[in-house]
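Asker: I have a structure here, written as structure tokens, and I will follow up with some questions on it.
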Amino acid sequence: RDYKHSNSGGEGDLDQAGEARKMFVGERSMSMTAPKMAEKIREEVQAGVVTKPGSTATYMELSLTIARHTMVLPPLADFSQAIRSHIYAKLLDISRLKELQRTEAINGNPMQEKVVLSVENDGSDVVLGVEAPPGASVPGPGGGVNEVFSALMPYNVLGDGNCCLHAVSVAMWGIQDRVGVLRKALHGMMTSKEQFFHKRWKAQEVEWDAEDAQIMGLEGPIEREDTAWKSEWDDVKQRSQRDGAFLTQIHLFVLAHVIRRPIIVFAHTEQDDSLCRFRGVYLPLEWPAGECEQLPLLLGYQGSHFVPLVYHLPGWPPPHDRNWPLVPIEGRDGMMLPVLFSKGRPTRVAGSDLGMDNCSARDLVEARLPIEWCGPTSVAAVRMNFRSASQLHGGRRRRVTEITDMVSENICGMVERYLEDGRREALNGLTPPKAKHSDSDLARVLQEEEWEKNMLAHRLEKSHLTSSKAASP
């Protein structure tokens, strides 16, 4: 809710901030910076796995996956350039950011913010910040200023074969799925509702086979033997259970049912000289729309690795008005991302069952996502309002520890560590590593140290008071 800082809390906050700074040794995991908070979240998540009565279907308690549990970044514009770049270097997967943005898998819309990168003397990439598109201040057709879409940035997660699960977990709770909670729930859901997911999986595979046949110039669709279908499906089921096994598109679709929340994957359609089909919208279509959260989780996929995609909020604490980030779900070509696994079974839309041939992608996204059609070309975009007044609680009312608390603790720990390291290096007459900050950056940080700390304390105290007044009971 507000940044936690040693000058804005009591002795408990002082102890926790001190412990966080001791734990922070250059790790890129939030759980290493705020370990007590991460452990509390992990315990609550483990306790939130539900088994459906009379079934083996497992899913997450909805109160743990509703919109308020969404990973975001606060605005960093008030920090110096050196500190901003340091924070980005610790949080983001910069190599994948560079590639995803280069291929316009993310941040490709002309009215979308871009992440600005620079190359250091040693060849490493550094994130400088986010810049607005050229037409951001141009009056729109209705007389107001054109709507600007927010830049997406890939957050670091482990690459241990469970990256898809880590990405989903971080996108909601800020922690990685180190104990396999989501994988266990995924396998339980897949095996209990196998006939439903198998039908949708086969229908989607048939559609992709037809596309492949057309690309290869074949006269007819590619045919598979029954034994091939069975073998592939058996592999799909085994992957859902085996730790470290790479997950496929159907697993993402099942995961959307585990968390009862849409998942959107941004990826370039061609990777490693082959066609990539992870790009798309995964909706929990086997659940009634009224029992699901609408705000989607955003993931990126590049180089056989999944990452959660985060974005900056315009203010901190998070706003309570309409000023929420907008994220387009169209490519630069104006085509909306495909809705995957929508065929094979009747699809629930707005409480009714429409036949599979009568349900368009537009019907689905309008019924299942907080969609807005923006600008003169009606760009499909999602309004990322995670403070939406959702009445979904999934039975008894639980609330996992606020992710914004962990974000606050993490960033404050990084800022203070950065300033302390710079001062210590200067006093010892050491030259800091170029990959961390240049001599000029160090000099500026030292000159601004007292100002930065005073500014930070003042802003955090003000945010704390504002948040306390605005917080609901």
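Asker: From the phi angles alone, apply the Karplus equation (6.51, -1.76, 1.60; θ = phi - 60°) to region 211-218 and give each ³J(HN,Hα) in whole Hz, x where the residue is Gly or Pro.
Answerer: 3J(HN,Hα) across region 211-218, in whole Hz: 5, 4, 4, 5, 4, 7, x, 7.
Asker: Using θ = phi - 60° and the Karplus curve 6.51 cos²θ - 1.76 cosθ + 1.60, what whole-Hz ³J(HN,Hα) does each residue of region 88-99 get, with Gly and Pro shown as x?
Answerer: 4, 5, 7, 9, 9, 8, 5, 5, 6, 4, 4, 6
Asker: Restricting to lysine pairs 8 or more places apart or on different chains, what number in region 101-256 have Cα atoms under 19 Å apart?
Answerer: 9
Asker: As an exercise, use a Förster radius of 22 Å and the Cβ-Cβ distance of Glu194 and Arg277 to find the FRET efficiency, rounded to the nearest 0.05.
Answerer: 0.50
Asker: Let me ask another. Using the beta-carbon distance between Gln214 and Glu291 and R0 = 41 Å, what value does 1/(1 + (r/R0)^6) give for FRET efficiency, to the nearest 0.05?
Answerer: 0.60
Asker: How much of Arg368 can a 1.4 Å solvent probe reach, expressed as accessible area in Å² and rounded to 10?
Answerer: 10
Asker: Also, I was wondering about something else. Assuming R0 = 41 Å, can you tell me the calculated FRET efficiency for the pair Ser360 and Glu131, based on Cβ-Cβ distance, to the nearest 0.05?
Answerer: Given R0 = 41 Å and the Cβ-Cβ separation, E is 0.70.
Asker: Determine the shape class of region 171-219: with a ≥ b ≥ c the square roots of the Cα gyration tensor eigenvalues, call it rounded for a/c under 1.5, and otherwise prolate if a/b is greater than b/c, oblate otherwise.
Answerer: oblate
Asker: Can you give me the distance in nm between label points at Ala245 and Asp226, each placed 7 Å from the Cα along the Cα-to-Cβ direction?
Answerer: So the two model labels end up 2.4 nm from each other.
Asker: Could I ask something else about it? Ordering Thr248, Thr227, Thr347 by how much accessible area each has at a 1.4 Å probe, largest first, what is the list?
Answerer: Of Thr248, Thr227, Thr347, the descending order of accessible area is Thr227, Thr248, Thr347.
The values are calculated or read from the model by the stated rules, or taken from the named source; none is laboratory data. Fair warning: this is a prediction, and the values are worked out from it, not measured in the lab. Cβ: placed from backbone, ideal geometry, glycine included. Neighbour counts: every protein chain shown. With ligands, DNA and RNA removed, areas are computed over all heavy atoms of the protein, side chains included. Shrake-Rupley method; radii C 1.70, N 1.55, O 1.52, S 1.80 Å.
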